[in-house]
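Structure record follows, encoded as structure tokens.
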């Protein structure tokens, strides 16, 4: 049987090429004039989608630091958007002047807050930092077991068992402490972002509507443009609600931590409360680190006998946050199953460390919204094709 090969070029259907070029799929023609498609249109579309997706992932991997910077600027803009919009309405839609006023007020508020509680936090942080090397040596050597045993009335056998446990896991403990220090130092290297993020946020606040229209106009077909506009609207509502809820939760947590630890006479209550509030921005992992740090300070403090009450407070506050405060603040905008949240946190930590953990929840929520809208779009497209009128030739 003689076989003849027709050569063709593969063109993805999204490119502005001719109908003939799009149909130039590689075919094999036999002597019986039977044509066999080696690659149909659907396969070409799938292949094109895979290649585009791989290219996007490669770009994200190469430019992930810059993308994270712009993403934080976007979240910062979402935080100030309600205030800017309301103030601009009072000033005849002068968003530039409204942004300037909001930035000045924000700077004044941060300066006043720093002047009021900054010295206390700095002093407690300095004292805690001076005690950390000694605490590190005691934990690494296991001698902290005897210190805790004598302080809390443990038997010599119990103290020895705890020391044996610490010594047997010495490498893991030292590695975890070193890793935490390395990540903290890496975050401090990005301290310049504190200046860059507000600058980028100002541009995003000023040109938000124009940027949205530009994104929608990329899509030419009206039906797809409507789908894209609804997608942007839902993602915009979710991100704005998430950022404001996270900020309010961090402020509330910081105040509650500071007040409760001060009442229980926990040392370094101000620095622990401030750090606990900041760690609320990191899903799951942040509150756990804050709780471990607070309990660790309680155990390491001489003549402190309220550790049990501190543990009870942390447990009750965690339950209030998860089941009362967070659902009310988020308002149902971020509807993620706990398993998806845990997966996103772990995956984000592997990809981008602490920043990836923080961004995991909004990214997972965005993917969920995209999936829901895409499913609705496909369903409506199939319904439209089924109900389309059929022309019958007479």
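A few points about this structure:
- Filter result (in contact (Cβ under 8 Å) with a residue 24 or more places away in the chain, in contact with a helix residue (DSSP H, G or I) (Cβ under 7 Å, 6 or more places away or on another chain) and farther than 26 Å from residue 107 by Cα) within the range 47-84: 64
- With respect to being surrounded by 14 or more Cβ atoms within 10 Å (Cβ to Cβ) and free of Cβ contacts under 8 Å to residues at least 24 places away in the same chain, residue 201 falls outside the description.
- Screening the range 225-256 for residues that are touching a residue at least 40 places away in the same chain (Cβ under 8 Å) and farther than 30 Å from residue 279 by Cβ and picking the one that is farthest from the chain's Cα centre (by Cα) gives 227.
- Within the range 235-246, tally of residues that are touching a helix residue (DSSP H, G or I) at 6+ places or on another chain (Cβ under 7 Å) and either buried (at least 18 other Cβ atoms within 10 Å of the Cβ) or closer than 20 Å to residue 286 by Cβ (or both): 7
- Residue within the range 273-291 that is in the same structural domain as residue 80 (by TED's automatic domain parsing), free of Cβ contacts under 8 Å to residues at least 60 places away in the same chain, surrounded by 20 or more Cβ atoms within 10 Å (Cβ to Cβ) and more than 26 Å from residue 340 (Cα to Cα) present: yes
- All of 34, 95, 42 fail the test of being surrounded by 11 or more Cβ atoms within 10 Å (Cβ to Cβ) and modelled with pLDDT under 85, apart from 95.
- Residue match in the range 97-111 (condition: closer than 21 Å to residue 197 by Cα, in contact (Cβ under 8 Å) with a residue 40 or more places away in the chain and either assigned by TED's automatic domain parsing to the domain that holds residue 194 or assigned to a helix (DSSP H, G or I) (or both)): yes
- Which listed residue, of 266, 219, is over 19 Å from the mean Cα position of the chain (by Cα), modelled with pLDDT under 85 and not in a helix (DSSP H, G or I): 219
The values are calculated or read from the model by the stated rules, or taken from the named source; none is laboratory data. Keep in mind the model is a prediction, meaning the values are calculated, not measured. Methodologically, a virtual Cβ is constructed for each residue, glycine included, from the backbone with ideal geometry; neighbour enumeration extends over all protein chains shown.
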